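Worksheet: one structure, shown below.
Nothing in this text is a laboratory measurement; each read-out follows from the coordinates by a stated rule. Model, not experiment: these values are computed from the prediction. Note that we place each Cβ from the backbone using ideal geometry, even for glycine, and neighbour counts take in every protein chain shown.
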Ligand code: FES
């Protein structure tokens with residue numbers, strides 16, 4: 001996978017920059033564009049992104065580590081993100097995580113050797129009333145249970 005921002009993405013970035021009075025305000029949308037293209041935001045692009053929005057590289061690093069939405073490592077074809085915030089923890093997130101880890105043979109933060117599945121724990125997915133929550137790529141799975149995990153894994157073979 002290319003570790004460069006493509007010409008198309010650069011064109012989108014230039015367009016996005018026109019919407020903001022100061023360049024640094026465009027940092028989040030630019031990170032979204034990069035992640036959309038590459039699947040994550042590689043560390044090797046942090047300096048380039050920082051230069052585009054005219055902030056120190058450390059600012060880009062801070063934003064990337066603050067928002068768990070942004071990935072700093074490549075992920076598998078199927079990315080399972082389990083919420084680890086309070087409502088989901090109280091409703092059994094740890095048991096669900098342990099079950100998924102056992103089923104896939106990997107731990108939180110890891111990707112299977114075939115590059116197919118990644119497990120991550122993330123902060124609140126904004127659906128606390130249906131905890132425990134898991135996001136699989138773009139799809140939300142609420143009231144997560146072992147049965148639902150089995151079902152999702154069967155769908156995402
Ligand atoms: S606490 Fe898990 S979705 Fe909000």
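Our note on the geometry: Cα centres of segment 1-49 and segment 57-102, 22 Å apart.
Angle of helix 146-155 to the longest C-alpha principal axis of the chain, folded into 0 to 90 degrees and rounded to 10: 60°.
Just want to confirm a number: the relative contact order over the chain, from Cα pairs under 8 angstrom separated by 6+ residues, in percent. Relative contact order for the chain comes out at 18 percent.
Of all DSSP beta bridges confined to the chain, the antiparallel ones make up roughly 55%.
Once C-alpha pairs closer than 8 Å and six or more residues apart are averaged by separation and normalised to the residue number of segment 113-157, the relative contact order reads 21 percent.
Dividing the mean sequence gap of close Cα pairs (under 8 Å, 6+ apart) by how many residues segment 7-66 holds gives a relative contact order of 29 percent. Helix 7-17 axis versus longest C-alpha principal axis of the chain: approximately 80°, rounded to the nearest ten.
With both labels modelled 7 Å from their Cα along Cα-to-Cβ, the residue 54 to residue 94 distance reads 4.9 nm. Relative to the longest principal axis of the Cα atoms of the chain, helix 93-104 runs at roughly 90 degrees.
In the chain, the calculated helix contribution to ellipticity at 222 nm averages -12500 deg cm²/dmol per residue, counting -39,500 (n - 2.57) for every DSSP H run with n ≥ 4. Using R0 = 30 Å, the C-beta based FRET efficiency linking residue 154 and residue 86 works out to 0.50. Segment 7-66 gives an Rg/Rh value of 0.92, both radii derived from C-alpha positions and Rh following Kirkwood. Over the chain, all Cα pairs binned in 5 Å intervals from 0 give whole-percent P(r) values of 2, 9, 17, 18, 16, 13, 11, 9, 5, 1, listed from short to long. Between the beta carbons of residue 108 and residue 22, assuming R0 = 35 Å, the FRET efficiency works out to 0.40 to the nearest 0.05. The distance between label points at residue 129 and residue 73 comes to 3.6 nm (points 7 Å beyond Cα on the Cα→Cβ vector).
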